[in-house]
Amino acid sequence: MVKAFTISLLWSLLFMATAVSGAAEEKFDLVLHNGRVMDPETGLDAVRNVGIRNGVIAAITAEPISGARLIDVTGYVVSPGFIDAHTHGTTPMAYKLALRDGVTTAMDLEFGTLGTRVSDWYEARAEITQLNYGTGSSHELARSLVLDGIEALDASEAPLSRGGGQAWADMVPSDQQRQRVLNTIDAGLAAGAIGLSSTVGYMPGATAREFYEAQKVAARYGRVSAVHTRHTPGTETTTPNGIQEMLSNAAALDAPALVMHFNNLGWELVQELIVGLRNNGHNIWGEVYPYHAGSTTINAVFLKPEIYEEVLGKRYEDTLFDPQTQTFYTKESYLATLEREPGRAVILYKMPEADIPKWLAMEGIVIGSDAMPIDPRYDWDTPFQSLPGIHPRTAGAHAKTLRLAREHNIPLMHAIAALSYRTARNLGDTGLESMQRRGRVQVGMVADLTVFHPTKVTDNATFAQGNLPSTGIDYVLVNGQLTVDAGQVLRDVSAGQPIRFPIR
C-alpha cells in the first residue's frame, strides 16, 4: 500500500514538473514579469509572472516564461482591471481619462440610454472603443420621450432633455403614459441593456407605483435596478427612506439592486440595511465615490430654494460651486443661471471630508466614479488642461481610492475588490456572462488587467483642475491588448468589447 502511494506521488510530482516546464517553454503574446499579483476572489497575493495569449490569462507562475513582449513590473501590483458601473463619461476623451485611472470597463448604469436607442448606442462603439462599455435602459429618458417629446440618447445629451422640458421631472403621467414609459424601458432591456437605470431622485412626478413597476420590468429579466434614490441628497431621515423604497421593491420582487452613491447623510444606516439584505441572500449592493462633494445639473429638484434652503438648511454661497468660473453661487446667481442654462453642471459640497476613508473601508463596498460627461466635440487629441472645468471624480476616483487606502491603512486587497471584483461578481450573479470572466486574475479569465505602483499611484485632479489624469497606473490591458503603455494611452488600440445581455 505504501509502495503504491509512493509511486502515485512520484507520478503526480512528475506531472506537475512537466506542466510547469511546459508553461516555461511556451511563448505568450505578452508577459508581465515579476509583479505582485493580487486576486480578491482567491486571495492570491504573491510575486508571479503572468502570461497572456489570445486575450486570456494563460499562465500565472513563479517559473520563468517568455513572450513576444515581456514587461518587467517589479514593484508593481497586477490587479484585475477596474470596473466602473457608474460613469456618465461615454465619449472618447472621457474613456481616455478613465484608462489613465485604471478603468478597463466603463458602464453607465445610473442614467443609462434611451431604451429605443440601446442598440444604436452599442453599435456606435463597436470596434472603435478603447475599453469595455455598457449601459442600462434609462427611466429618465423614457419619461423625457413620452412626457416632453424629447429624444435624447444618453447622459451626453442630458442638456437637451433636461434643458428642453420639465415634465420628465415633475409630471405624474396618466396610466397610458406610464405604460409607454415602461414599454420604452422594456425595449432597452430586450436590446441587451444591463439593467434599469433610474434617476428617480430627480423625478418627483414618478409615483411610488411607477417606480415599483419600473423595477418590476427589470426583475422580469432578472436584471439589476441601479438607482439614484429619492431624497438624495437629503437628511438623515429622508435619504435612508428613499433608499428603503427601492430596497423593499427589490426584496418583494426578489430582484438584484444597486444603490448608487449612498455617501450622503444616513450612510451608516444604509450600509447596515445593505449588509443585512446580502446576508439574507439578496443580490443587493451599494457604491460610493471618494469625494465629499457631488455634481449634477443646476436644475436638479433638490437645489430649489424650498428644498435646498428650507429643508436641507444649505446656503448657496457655501456649498454650490461652478467649476467653469471657479466661484460659488449666490441665491440670485443660481436662479439666474437656472433660467438661462438649466442643464449647466455644478458642484455641491455636502459631506465632511473626514467621512471618506470610512466609506472606503465598509464591508462589500464598490467604487463608482459618477464621472461627468465630456462634450463629444472635444476629440481624443485635446490637451487635458484645455477641457472645461469638471468634478475631479471624472479623472481621479480610482487612483484616489488607492491613495486613501494607502494613507489610512485600508487593506489593499479590500480596495482592489471595491474597484473591480465585487462589481464583476454582483453583475455576474445576474447572469451577465461577460462579468463572470472579468474582475479576477486567474488562468482562463479575460485579461483585463491594471498594473499600478502601490506607493506612487495618485490622483491629480482637483476641484480647481478637474481633468488632470492620474499617475502611477502605468499599464492597462483590455482584453489582453496593451492599451496604456508606460502611462500613455495608445491611440490606435481599440480593444473594448460590449458588456451586454443577448438581444431578445
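The values are calculated or read from the model by the stated rules, or taken from the named source; none is laboratory data. Computed from a predicted structure; not experimentally measured. Glycine also receives a Cβ, built like all others from the backbone with ideal geometry; neighbour counts cover every protein chain displayed.
Restricting to helices (runs of 4 or more DSSP H) lying wholly in segment 390-504: which have 3 or more residues that are among the hydrophobic types (A, V, I, L, M, F, W, C) and on the phi < 0 side of the Ramachandran plot?
Because the criterion is at least 3 residues that are among the hydrophobic types (A, V, I, L, M, F, W, C) and on the phi < 0 side of the Ramachandran plot, the helices (runs of 4 or more DSSP H) in segment 390-504 that meet it are 393-407, 412-416.
Results for (1) closer than 21 Å to Asp84 by Cβ; (2) of a type in the set (Gly, Ala, Ser), shown as yes or no for each residue.
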position	(1), (2)
Trp121	yes, no
Ser144	no, yes
Gly149	no, yes
Ala158	yes, yes
Ser161	no, yes
Trp168	no, no
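What's the number of the only condition in (1) assigned to a loop (DSSP other than H, G, I, E, B); (2) surrounded by 16 or more Cβ atoms within 10 Å (Cβ to Cβ) that Arg377 fails to meet?
Going through (1) assigned to a loop (DSSP other than H, G, I, E, B); (2) surrounded by 16 or more Cβ atoms within 10 Å (Cβ to Cβ) one by one, Arg377 breaks only (2).
For segment 48-59, state whether one or more residues are crowded, with 23+ Cβ neighbours inside 10 Å, modelled with pLDDT under 95, touching an Asp or Glu at 6+ places or on another chain (Cβ under 8 Å) and within 26 Å of Gln497 (Cβ to Cβ).
Checked against the condition, which is being crowded, with 23+ Cβ neighbours inside 10 Å, modelled with pLDDT under 95, touching an Asp or Glu at 6+ places or on another chain (Cβ under 8 Å) and within 26 Å of Gln497 (Cβ to Cβ), segment 48-59 yields no hits at all.
Please specify each residue of segment 81-112 satisfying the condition of being of a type in the set (A, V, I, L, M) and not in a loop (DSSP other than H, G, I, E, B).
Residues of segment 81-112 of a type in the set (A, V, I, L, M): 83, 85, 93-94, 97-99, 103, 106-107, 109.
Ile83, Met93, Ala94, Leu97, Ala98, Leu99, Val103, Ala106, Met107, Leu109 - these are the residues of segment 81-112 that are of a type in the set (A, V, I, L, M) and not in a loop (DSSP other than H, G, I, E, B).
Could you check Val446 against (1) buried (at least 17 other Cβ atoms within 10 Å of the Cβ); (2) at pLDDT 95 or above; (3) within 30 Å of Glu236 (Cβ to Cβ) and say which number it fails?
Every condition holds for Val446 apart from (3).
Please go through segment 340-373 and give me each residue that is of a type in the set (A, V, I, L, M) and free of Cβ contacts under 8 Å to residues at least 24 places away in the same chain, ordered by number.
The answer is Ala354, and nothing else.
Among all residue pairs at least 6 apart or on different chains, which show Cβ distances below 8 Å where the first residue, located in segment 122-142, is assigned to a helix (DSSP H, G or I) and the second is surrounded by 20 or more Cβ atoms within 10 Å (Cβ to Cβ) and among the acidic types (Asp, Glu)?
Once the first residue is assigned to a helix (DSSP H, G or I) and sits in segment 122-142, its partners that are surrounded by 20 or more Cβ atoms within 10 Å (Cβ to Cβ) and among the acidic types (Asp, Glu) give Leu141/Asp154.
Take the residues in segment 66-80 that are assigned to a loop (DSSP other than H, G, I, E, B) and of a type in the set (Val, Ile, Thr), then tell me which one is nearest to Leu477 (Cα to Cα).
Selected residue: Val73.
Kindly indicate whether any position in segment 132-142 is over 20 Å from the mean Cα position of the chain (by Cα), surrounded by 22 or more Cβ atoms within 10 Å (Cβ to Cβ) and of a type outside the set (A, V, I, L, M, F, W, C).
No.
Tell me, which strands (runs of 3 or more DSSP E) lie completely within segment 224-290 with 2 or more residues that are among the aromatic types (Phe, Trp, Tyr)?
By residue number, no strands (runs of 3 or more DSSP E) qualify.
Condition check ((1) in a helix (DSSP H, G or I); (2) among the polar types (S, T, N, Q); (3) touching a Gly at 6+ places or on another chain (Cβ under 6 Å)) across all residues:
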residue: Gln176; (1), (2), (3): yes, yes, no
residue: Gln179; (1), (2), (3): yes, yes, no
residue: Asn183; (1), (2), (3): yes, yes, no
residue: Leu189; (1), (2), (3): yes, no, no
residue: Gly192; (1), (2), (3): no, no, no
residue: Gly201; (1), (2), (3): yes, no, no
residue: Gly205; (1), (2), (3): no, no, no
residue: Gln215; (1), (2), (3): yes, yes, no
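Can you say whether Ile298 is among the hydrophobic types (A, V, I, L, M, F, W, C), over 25 Å from Glu407 (Cβ atoms) and in contact with a strand residue (DSSP E or B) (Cβ under 8 Å, 6 or more places away or on another chain), as far as the supplied structure shows?
yes
In this structure, does Asp492 turn out to be of a type in the set (Asp, Glu) and either farther than 20 Å from Ala68 by Cα or touching a residue at least 24 places away in the same chain (Cβ under 8 Å) (or both)?
So Asp492 does not fit the description; no.
Run down Gly313, Gly294 and say which single residue is out of contact with any Gly (no Cβ under 6 Å at 6 or more places or on another chain), at pLDDT below 95 and crowded, with 21+ Cβ neighbours inside 10 Å.
Numbers: Gly313 fails: crowded, with 21+ Cβ neighbours inside 10 Å.
Just a single option satisfies the conditions, and that option is Gly294.
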